[in-house]
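Visitor: Got a structure here, written out as structure tokens. Questions coming.
The numbers here are math on the coordinates, done by the rules we state, and not lab data. Not measured: the values here are computed from a predicted model. Methodologically, a virtual Cβ is constructed for each residue, glycine included, from the backbone with ideal geometry; neighbour enumeration extends over all protein chains shown.
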Amino acid sequence: MKILLVEDDHRIAQSIKKGLEQERMAVDIAYDGIEGYDLAIDEEYSLMILDLMLPGMSGLEICNKLRQNKNQTPILILTARSQVEDKVEGLNKGADDYLTKPFAFEELLARIRALVRRPKNMEEDVLTIDNLTLNTNNFEVTRDKNKIKLSSKEYALLEFLMRHPKQILSKEQIMNHVWSYETDILPNTIEVYIRNLRNKIDKGFSYPLIQTVRGFGYKIGKNV
């Protein structure tokens, strides 16, 4: 899952980013509204978290412009304001939920999970391809009921592959969805992670699930 966080308070932004990354999410941060809006229209996200008061362009302005442009990505507004009128205005501009500062990280996480599971943006909790299963609730990965231990980034890569079964995913697509945009990764980084995944997912089994499509990218699924 990849999230856009637009928050001008660097301390709060980094704290949220750290917490979400521990939950196997990739997080892009923008510290002003203009940069945030540019990222929102250029990248694909599972959810956006927008602070209400931002330099350059407010969270409500970003939300309103995105909805006018038919962008239906779930939006969670963060604000220090608690007045009912402010919440109503945010929802009328197209926001999906509202969270007032200060808040517990556990509540933020619960709201994020609730938003991405809404019918228009439903994401399955348990992904299964052949005899491989990934549970997003407890981060458990098994193949033939054998538990497989993955690093945070390996898990995120596997989840992205499994949400697109039998689809060829290019290195650029993988990089854009699994790594934050500001991450400086080497050209062979994805190859290294794919190799590590294969050693854990495919090694010891009678057939591989992670396939290389030369010149195009990777896909997951049993060859038939």
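Visitor: What is the Cα coordinate range of the chain on the first, second and third principal axes, sorted by size from largest, in whole angstrom?
Guide: Computed over the Cα atoms, the extents are 61, 32, 32 Å.
Visitor: Exposed loop sites here are GluC sites (Glu not before Pro) in DSSP loop states with at most 16 other C-beta atoms within 10 Å. What is the longest stretch of the chain lacking them?
Guide: Numbers: sites that count: E23, E43, E44, E123, E124, E182.
Between exposed loop sites, the widest span is 45-122.
Visitor: Quick one: how many lysine pairs in segment 1-103 have C-alpha atoms under 22 angstrom apart, if they're 8 or more apart or on different chains?
Guide: 12
Visitor: Springs between alpha-carbon pairs under 10 angstrom, Gaussian network model over the chain: which of K145, K18, K65 fluctuates most?
Guide: Ranking K145, K18, K65 by mean-square fluctuation puts K145 first.
Visitor: Follow-up question, since we're still on this one. What list of ³J(HN,Hα) couplings, whole Hz, do you get for segment 36-45 from phi and the Karplus terms 6.51, -1.76, 1.60, once you set θ to phi - 60° and write x for glycine and proline?
Guide: x, 5, 4, 5, 4, 8, 9, 10, 10, 10
Visitor: Also, quick follow-up: Sort H164, H177, H10 so that the residue with the fewest other Cβ atoms within 10 Å of its own Cβ comes first and the one with the most comes last. Don't jump to the answer; show the numbers that get you there.
Guide: Values: H164 14, H177 21, H10 10.
By the 10 Å Cβ count, ascending, the order reads H10, H164, H177.
Visitor: Can you give the alpha-carbon Rg of segment 2-121 over 2.2 N^0.38 Å, where N counts its residues?
Guide: On the way: Rg = 12.8 Å, N = 120, 2.2 N^0.38 = 13.6 Å.
Against the compact-globule rule of thumb, the ratio is 0.95.
Visitor: To the nearest 500 deg cm²/dmol, what mean residue ellipticity at 222 nm is calculated for the chain from DSSP H runs of n ≥ 4 alone, each contributing -39,500 (n - 2.57), summed and divided by the residues? Don't jump to the answer; show the numbers that get you there.
Guide: Working: 8 runs with 86 residues, N = 224.
Mean residue ellipticity, 222 nm, calculated: -11500 deg cm²/dmol.
Visitor: What Kirkwood hydrodynamic radius, in Å, does segment 1-73 give when the mean of 1/r is taken over all pairs of distinct Cα atoms and then inverted?
Guide: Numbers: mean 1/r = 0.0827 Å⁻¹.
One decimal place: 12.1 Å for the Kirkwood radius.
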